[in-house]
1. Given the options Ala139, Ala12, Ala48, state which has the largest fluctuation in a GNM of the chain using a 10 Å cut-off (strictly under) for Cα springs.
2. Taking the alpha-carbon distance from Lys81 and a cut-off under 12 Å, which aspartates and glutamates remain once sequence neighbours fewer than 8 residues away in the same chain are dropped?
3. Between Arg37 and Trp56, 0.36 nm times their residue separation minus their Cα-Cα distance comes to what?
4. As an exercise, identify the trypsin sites (Lys or Arg not before Pro) in region 39-69 lying in DSSP coil whose Cβ has no more than 11 other Cβ atoms within 10 Å.
5. Of Val33, Val104, Val94, which has the largest mean-square fluctuation in a 10 Å C-alpha GNM of the chain?
6. Between Glu88 and Arg144, take the C-beta separation as r, use R0 = 35 Å, and let me know the FRET efficiency to the nearest 0.05.
7. Exposed loop GluC sites (Glu not before Pro) only (DSSP loop, at most 13 other Cβ atoms within 10 Å): please give the longest stretch of the chain free of them, not including the sites.
8. Give me the distance between the Cα centres of region 120-152 and region 28-106, rounded to whole Å.
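Readers should treat all values here as calculations from the given coordinates under stated rules, not as data from a laboratory. These numbers come from a predicted model, not from an experiment. A quick note on method: Cβ atoms are made from the backbone with ideal geometry, for glycine too, and the neighbour counts reach across all protein chains shown.
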Amino acid sequence: MAVKMIATNKAARLNYDISETFEAGVALRGSEVKSMRESNVTIKEAFARFEGHELWLLGLHVAAYSRASTHVPADATRKRKLLLHRHELDRLRVKVEQDRLTLVPMALYFKDSRVKLELGLGRGRRTVDKRQLIAKRDADREARRELVARSR
């Protein structure tokens, strides 16, 4: 299966403590898929929310396709339905409601010819936790540098 990355949310791992990830399909229009092939997508401000018994992706900005007709205006930030099996939706709903977790879009990619979204299930980090994470990452990087320098 060929996987082609469209967009990633790099800030998600810093801002959230991700415990699980899920792969969901995204219901799109034809011009949106063509625009995604050109990587005209911003996933940074997107989030997922339950409405009724369905899961929706809000805040995903898909720019209008460059060669699309202009007589039908494209809504760049419309809500898009996420496609998951019923048992996955039920399991996610329980975790979100009972454990007070958040569904964060991590990456958007083509898997074969279909657009998939990697959803992370996580809890928001406080500023103190973020600073500790960055300090630990920097210390690990310095330690690796020292090991490489000594092995030369």
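1. For the chain, modelled as a Gaussian network with Cα springs under 10 Å, the answer is Ala139.
2. Glu51, Glu54
3. Full extension of this stretch gives 4.7 nm more.
4. Taking region 39-69 and a limit of 11 other Cβ atoms within 10 Å, the loop trypsin sites (Lys or Arg not before Pro) found are Arg67.
5. Val94
6. With a Förster radius of 35 Å, E is 0.40.
7. Working: sites that count: Glu38, Glu45.
Answer - 46-152.
8. 31 Å
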